[in-house]
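Structure record follows, encoded as structure tokens.
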Amino acid sequence: MAYRSPVRGLYPGRFQPVHWGHVEVVKWALQRVDEVIIVIGTAQESHTVVNPFTAGERMLMIRAALQDAGVDLGRVWIVPVPDILMNAVWVKYVELYVPPFRYGIARNPLVVRLFKEAGYEVLVPPPYERGLYSSTTIRKMMLLGDERWRQLVPPSVAKIIDEIGGVQRIREVAGRD
């Protein structure tokens, strides 16, 4: 039997932190492609209010979140990619870091446009309660001491954040502690 290259989709994000909405996008994408490449963007930045977690910490969180959801990790690639800060060549730059892929997976209008300009078809996932599942909202809740953030992330992600002192890190870099 001849080898058939798997159909892959590329799903970029910062995942600061990964939440249930991200997990739902991966599950949705895996119904449409053989494998999903999750690109951890802004991989070079950490320990800021906007990007508090390292690329390695985000890799751990993503794997654990997908395991919580019963996703077959054999169908998922997780690749950290530092920023290039040149939108016009961003997709070509990402291609240097990842296996070949057929589809971009995104809702962000800029990212959708960049994939299309680079010649890729784009799979646009449903929003999955975008107002509720937002990494920005989760970080704000952490900053304010609102423990409801724990309901918005998989249990293993909350555990990792606790183990690394993630909430304290956000509070300290924001000058709150």
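If a spin label sat at a point 7 angstrom from the Cα of residue 77 along the line to its beta carbon, the backbone N atoms of region 7-39 nearer than 16 Å would be those of 7-13, 30, 33-39. Ordering 173, 21, 111 by the projection of their Cα atoms onto the charge dipole of the chain, which places +1 on the Cβ of Lys and Arg and -1 on the Cβ of Asp and Glu, puts 111 at the extreme positive end.
Relative contact order for region 109-175: 24 percent, from Cα pairs under 8 Å spaced at least 6 residues apart, divided by residue count. Treating only the Cβ atoms of Lys and Arg (+1) and Asp and Glu (-1) as charged, compute the dipole magnitude of region 1-75 about its Cα centre; round to the nearest 20 debye. The calculated dipole for region 1-75 is roughly 180 debye.
Cα convex hull, region 45-88: 105 Å³ per residue, rounded to a whole number. Rounded to the nearest Hz, the phi-derived 3J(HN,Hα) couplings of region 77-82 under the Karplus curve 6.51 cos²θ - 1.76 cosθ + 1.60 (θ = phi - 60°) are 10, 10, 10, x, 9, x, where x marks glycine and proline. Across the chain, the relative contact order, built from alpha-carbon pairs under 8 Å that are at least six residues apart, equals 29 percent.
Quotient of the Cα radius of gyration of region 1-150 and 2.2 N^0.38 Å, N being its number of residues: 1.04. The magnitude of the dipole of region 51-132, with charges of +1 and -1 set on the Cβ of Lys/Arg and Asp/Glu and taken from the Cα centre, is near 160 debye. Between the C-alpha center of region 87-150 and that of region 31-46 there is a gap of 9 Å.
Mean sequence separation of contacting Cα pairs (under 8 Å, at least six apart), scaled by the length of region 97-148, corresponds to a relative contact order of 28 percent. Close amide-amide hydrogen proximity is noted between residue 77 and 36, 37, 38, each under 5 Å apart and 5 or more residues distant or on a separate chain (H modeled in the peptide plane; Pro and chain starts excluded).
Seen through its C-alpha gyration tensor, with square-root eigenvalues sorted a ≥ b ≥ c, region 27-101 comes out oblate because a/c lies at 1.5 or above while a/b is not bigger than b/c. Classify region 71-129 as rounded, prolate or oblate, taking a ≥ b ≥ c as the square roots of the eigenvalues of its Cα gyration tensor: rounded when a/c is under 1.5, otherwise prolate if a/b is larger than b/c and oblate if not. Cα axes put region 71-129 in the oblate bin.
Read-outs throughout are calculated quantities, based only on the coordinates presented, and are distinct from any laboratory measurement. Because the structure is predicted, anything quoted here is derived from the model rather than measured. Note that we place each Cβ from the backbone using ideal geometry, even for glycine, and neighbour counts take in every protein chain shown.
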